[in-house]
Amino acid sequence: MRKVSRLLVVLLVIAGVFACNSDIGEECDNEGKVGGECVEGAVCGSVKGSLVCLKQCTNPADCGSNQTCGSVANTTLRGCRDN
């Protein structure tokens, strides 16, 4: 019974790790991907050679004062990036 309990705990921890969506600014794996990889309202995009979750935008006013709204490769989406 103890082995079953330990196995269940290990499986729950693993499931929790894979179920988490990355917050804006955190790493992601698939450029242009929305939903499932990044939090809602974000898209996976390239910043200085790394893929990170970017806040989606349609114009510069959607981004912070030190950010610009730019295209995300292979999509029609745009994301906020630091200037």
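The values are calculated or read from the model by the stated rules, or taken from the named source; none is laboratory data. Every value quoted in this text rests on a predicted model; they were computed, and no experiment measured them. Please note: Cβ atoms are built from the backbone with ideal geometry, for glycine as well, and neighbour counts cover all protein chains shown.
Filtering region 62-76 to residues that are surrounded by fewer than 18 Cβ atoms within 10 Å (Cβ to Cβ) and in contact with a strand residue (DSSP E or B) (Cβ under 8 Å, 6 or more places away or on another chain) leaves Asp62, Gly64, Asn66, Gln67, Thr68, Gly70, Ser71, Ala73, Thr75. So which residues in region 36-61 are under 20 Å from Asn21 (Cβ atoms) and out of contact with any strand residue (DSSP E or B) (no Cβ under 9 Å at 6 or more places or on another chain), if there are any at all? Those that are under 20 Å from Asn21 (Cβ atoms) and out of contact with any strand residue (DSSP E or B) (no Cβ under 9 Å at 6 or more places or on another chain): Gly36, Glu40. Of the candidates Ser22, Ser71, the single residue that is at pLDDT 95 or above and of a type in the set (Ser, Thr, Tyr) is Ser71.
Search region 33-54 for residues being assigned to a loop (DSSP other than H, G, I, E, B) and among the hydrophobic types (A, V, I, L, M, F, W, C), and hand back the single one that is surrounded by the most Cβ atoms within 10 Å (Cβ to Cβ). Selected residue: Val34.
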